Each structure stands twice: as C-alpha cells, then as structure tokens.
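Inspection log for the structure reproduced underneath, given as structure tokens.
The numbers here are math on the coordinates, done by the rules we state, and not lab data. Since the model is a prediction, treat every value here as computed from it, not as a measurement. Note that each Cβ is placed from the backbone with ideal geometry, even for glycine, and that neighbours are counted across all protein chains shown.
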Amino acid sequence: MKKGISLVALIITIIVLITLTSAVVLTGINTTQEAQLAVFYNNVSTMQEAVQLKINNNITEYALKGIDNLEIYKWVGVVENYTESNAKSSINPTFDNTTINEISVAKIDNSIKNNISISDEEFEKYYISNNGTVYYEGFLYKGITYYNRVVSSQSIITPTPTTLCLTDGTYNTQEQVNSPKLLEGMVGIYWNNDNEEITSNSPEWNYSDWYNYQDKLYANAKTPDGSYWVWIPRFAYRINSGFNTSTTGAIDIKFLKDTSYIASDNTSIDSCTEGNGFWNQHSGFKYTGNDNLTYELPGFWVSKYDMSGTDSSSLKSVPNGSIFISSSVSTLGMAGINYNPNYNSHTTKTEEWGALCCLSHSPYGSNGEFISSEMVSNGNITGLYNLNGGFHLTALTCGDWGSYFNNDIRFYTRIVYGSYIECREATRTLFGSCLYECSGAPTIDGYPAAWTGGTSTVTGGSDQGSLRGCTSMFDANWTKADNYRSASIKVVLW
C-alpha cells in the first residue's frame, strides 16, 4: 500500500510539473516577443537621440563659425560618408540607400555608433530620413512590422513618452504648463548648483531640472547664435485689486492647456469682463494673420536680455552686451523681424509685453511686489532681465504704421483710435493685454497711462511705461513717434 501511494503521488507530481512547465514555456514565448519589442523601442530611441545630438552639435559648431547654410552642414557625420568637404562644396546628402515603409532613407554614419552601446550587426539595421527620423529595417511583432516606433498598418502598443521630455508646446501634465516648443537648432538650457550651463545636448542633461514654473523656474533655451530665450507659457489672468489703477495688486494666473482656454485645473476661461475678480483670456497668445483669421499659440519665446548689436543684422540676446538702440520706429520694428524670419521673430508686441508684465506680477513672479533690479520677472537666474532697465518698443501701431513692420499684421498691434475697452476683436484693442487694466487714469486721447509712459507698478514704475519708445503716436498730430525717444527692444519667437 505504501508503494502504491508513492507511485500515485509520483504520477501526480509529474503531471503538475508538466503543467507548470507548459505554462512557463507558453508564457515565456509571449514574454520574449514583448521583451524583444521593448528592446527595439529602447534601441531605436537611443539611436534617435544619438543622431539628434550630433545634428544639434553640428548646428551649434558651424553657427559659431559663422556658416549660414546649416541645413547642409547639420548632416556632417550623420549621413554615411557625408563630410565637411561635401558641405563646403554645397553637395546635398542623398537619401536613396533604400526605402523603408515608402520613405527614402540613407545609412547612418559609423561615427554615431561610437557613442552608443549597439552591436555592429544591429547598427546596420538603422537608417535616417531627410527630416532626421531614424528608421529600422523592420521589427515583426504579431504580424505587424514596426519601423520608427510606428506600426505599418495600425497603431498598437505605441510607446507613451514621459511628459518631462515634451518639447513641442503641448501640455505637460506633470508640470501643469505647456512644454517649451524648441525651434529648429534651439537647445534647452538650465543652470546647475554651480551656475554652470547645462544644455539639452549635454550628457548631464536632466529634463526634470529644466523648468518648474510652480517654483518660479522658467524654461530657458539658446539659439545657434548664442542668444538666450525664456519660454512664456500660455495663461489666463485675474486682477484682484486695483483694477485700472497705477497700483494694481498681485495678479493671479492659470496656465492653459495646449491652445485651448481650459486651465490646468480643468476650469474653462471664457469670460471677458472688466473689473476686479474676473478671469480673462490673455491676448498675448493669439495673433491675426494676413488672412484676417485669429490663431492661438501655446506660448512664445522672448529674448532673455535686451537685444545687443551694432546694427539690426547683428542682434543677439546676451548678457552684458552693447544694447541696440534706435530712435526710429521703423528700424526697431524691422530689426526684430529680420533677426530670424525662420523663427517668425519680431519686436515684442503690445500684448506680448503685457504677458511678460502680468507673469512677472503673479505668484509665479514677484507676486505683486515691485522689484527695481534689472531682473524682475521671477527673482532668479531663469527669469527675464531688463524689464525695468530701459525703454522698450512694443510695436504698437496705428493707421498705416504697418509699413514699419513689413506690413505683416502678425507682428504688430492694430489699435482702433479712441476705442480701448472692446474685447478680443481682430483689431486688438487694449483690454485683454493686462496693460490697460493695470494702469492709471487715461492721460492722452483716452489712452491709459501704462501705454504712454506713466506710473504703473506692473509695467515698471514711474516713467517706465511699456510704450515708452513710441509714446507720441498717441499725440493729436501723430507726427513725432519716429523720433520721439531712443528705445531698446526685446524680440519674440514663435
């Protein structure tokens, strides 16, 4: 009997082991496939980051050498066998090694392999398209072929990037602001504890250190010419006290999602009402195109410093530079536009200036306290300098003054004479910019003091009005603005 029981127990044990082994094997097959897909995602991401780092480094390196044709030079050492000599001879790289998912692609240069941990055999499976996207020969998973982290037929198991890494202006749910939209050639930048600059193409880069508007740390970036820029995320605002006075109290703001009027707390900002206690859409994040349609922006970049340079062709946003100053509205307006047309650059518009002042006066800045130092926006190295440091033309224009701004209505503010309390009209009246509401009584032809150089704690204190460079276009004769007063400028990029 004991032997019989032992035999039965042995048989049962064997059956259980077979069952468990089968389950492990079957599960292992599925796990292996998914693990291989995860490895593919990781490798193609690593390759993409290495390629983008090389492109960014090329742009920076050749820009500092004064080379203009960066669209060609950026491919040096990226496309296989494409050298600086090719770029000097204006020979464009070819993307005709093969076709992947109906996209013409080129082999990636072997020098990229030296910076990543991918085998020679694996490296040979990667290619690059003419827009900088890395492609793979094709990873087959459950009958569907993956190329550049995109499936060939239907979208399944698409990886979700961490919100910290967003750089396209879309809403960052973790930071509760729209992510900084890096323009071509632009790199993110922050300062470590030793005040050393860390850029997004540096091995030390950490996205979590880049910005935190809740802690008054603004996102900064640099363009290839070495200029510094600060990201102003889209927001709505509310004045709690001192509406339409020169001593407005702290201004509340809510950051908005993407290009909507839905705030980070999911409330809808749809009011446009004068007075204390009302939430309003800020007009600095919209513009009218030459088609007379209104467009919305997730945010914009503004020069961290007043623009420096000896003439309009040498403008830069750098610390301790020789500030570019002119008494000509035309010179100032066109200087901003000509800085870099690829970035839609322009001299700071009235509404945009209002956005800077409003953010500075909010809890994300000085929280209503007037700061007389040159750095006023948030009291630390990540903020905007020189908001009080001089006179700033904000590109307000009337009548036919558009010729001073290349007749591109996106880049100047059209004002209907004598009408400054309308709301969200295509002609951009004063209300909604957070300037009219934060100024004293109207002083010139019905226009408020903050627009004409009068006292305002928000726009910069006594005799530091936001339109100080072109005040007299409000004079009855409208004849003196072109030579009224020397003005320095800031530039905005979209």
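Observations on the model:
- Summing charges over neighbours of residue 253, with a neighbour being any other residue whose Cβ is under 11 Å away from its Cβ, gives +2 when K and R count +1 and D and E count -1.
- When the pairs 74/316; 257/490; 74/181 are compared against a 24 Å limit on Cα-Cα distance, 257/490 fall above it.
- The H on the amide N of residue 135, modeled in the peptide plane, is under 5 Å from the matching H of 127, 128, 129, each at least 5 residues off or on a different chain.
- Amide H contacts under 5 Å for residue 300, placed H, 5+ residues apart: 232
- Net +/- balance of residues flanking residue 302 in space, Cβ distance below 9 Å, scoring K and R +1, D and E -1: +1
- Phi angles of the range 358-363 translate, via the Karplus equation with coefficients 6.51, -1.76, 1.60 and θ = phi - 60°, into HN-Hα couplings of 5, 4, 4, 8, 8, x Hz per residue; Gly and Pro are given as x.
- Protection proxy ranking of 169-179, 355-365 - average other beta-carbon atoms within 10 Å, highest first: 355-365, 169-179
- Charge tally in the Cβ shell below 12 Å around residue 130, where Lys, Arg are +1 and Asp, Glu are -1, residue 130 excluded: -1
- The relative contact order of the range 38-141, computed from alpha carbon pairs under 8 Å that lie at least 6 residues apart in sequence, is 26 percent.
- Using the average count of surrounding beta-carbon atoms within 10 Å as a protection proxy, the listed peptides 55-65, 180-190 rank, highest first, as 180-190, 55-65.
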